[in-house]
Amino acid sequence: MAETKNEQQPHSFKRKLGNTTYTVKVHFSKDTDKTFKDRVQKLIINECLEKNQK
């Protein structure tokens, strides 16, 4: 099925670590009650908790 110009392409970015280039694609559900801010805060909290456990 061909995509039309009105359809949004998924957001993505590339990150190179060492000799490997990673392509990260981001998509969001329209059927959620969590905001982007909520999700980022959860990621930060989880990262801090993980570092404290090491």
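What the table below lists for this structure:
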read-out: All lysines inside 16 Å of Lys34 as judged from Cα atoms, apart from same-chain residues fewer than 8 positions distant; value: Lys42
read-out: Karplus-derived HN-Hα couplings along segment 17-22 (A = 6.51, B = -1.76, C = 1.60, θ = phi - 60°), whole Hz, x at Gly and Pro; value: 10, x, 9, 10, 9, 9
read-out: Global form of segment 15-54, assessed from the alpha-carbon gyration tensor, a/c cut-off 1.5; value: oblate
read-out: Estimated FRET transfer efficiency (Lys37, Lys16; beta-carbon r; R0 25 Å; 0.05); value: 0.30
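Values in this text are rule-based calculations from the coordinates and carry no lab data. On a predicted model such as this, the values are computed, not experimentally measured, just so you know. In this analysis, Cβ positions are derived from the backbone assuming ideal geometry, glycine residues included, and neighbour counts consider all displayed protein chains.
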